[in-house]
Amino acid sequence: MKKPVWTFIVGLLMLVVGLFWLTSVVQVSSIWGSGLQIGGVSVSGGFTLVPLIFGIIWLFYNPKSTGAKILSVVGVVVIIAGIIMSIRFYVRGTSLYVFIIIFVCIAGGAGLLARFLLTGNSSSSKPDK
């Protein structure tokens, strides 16, 4: 039996609308510079630049040094990790009704897409023989 294309279209539309609506009620903020928690130890935002600074100095002194390249890469990774770890997500106040609609759209759309993409037959009833 042929899969109806409307299953895919409706599922995709529901999923996109649900995800868009969810992202519109979430607020993102950052507290970079207030400190980075690594293993229970608080490191200030400016202190995370130290490995990168020493790595760059070492690279200018000895460009072929593997240690200098590793230290520079570690410095960049520490800075990126600090930025990512400082991001906070907050859900703005909205009604339970809106949240139910959002998650019904997301779950229903994902279910319709899964039915279209993962099964050989998208209808729930099987044809009689």
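The values are calculated or read from the model by the stated rules, or taken from the named source; none is laboratory data. Everything numeric here is computed off the predicted structure, so don't read it as measured data.
Numerical summary
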| item | result |
| --- | --- |
| Test for LEU49: is it assigned to a helix (DSSP H, G or I) and at pLDDT 90 or above | no |
| Scope the range 27-46; condition among the β-branched types (Val, Ile, Thr) and either more than 30 Å from ILE100 (Cα to Cα) or modelled with pLDDT of 90 or more (or both); matching residues | ILE31, ILE38, VAL41, VAL43 |
| Checking VAL16 against (1) assigned by TED's automatic domain parsing to the domain that holds ILE100; (2) at pLDDT below 90, the condition it does not meet | (2) |
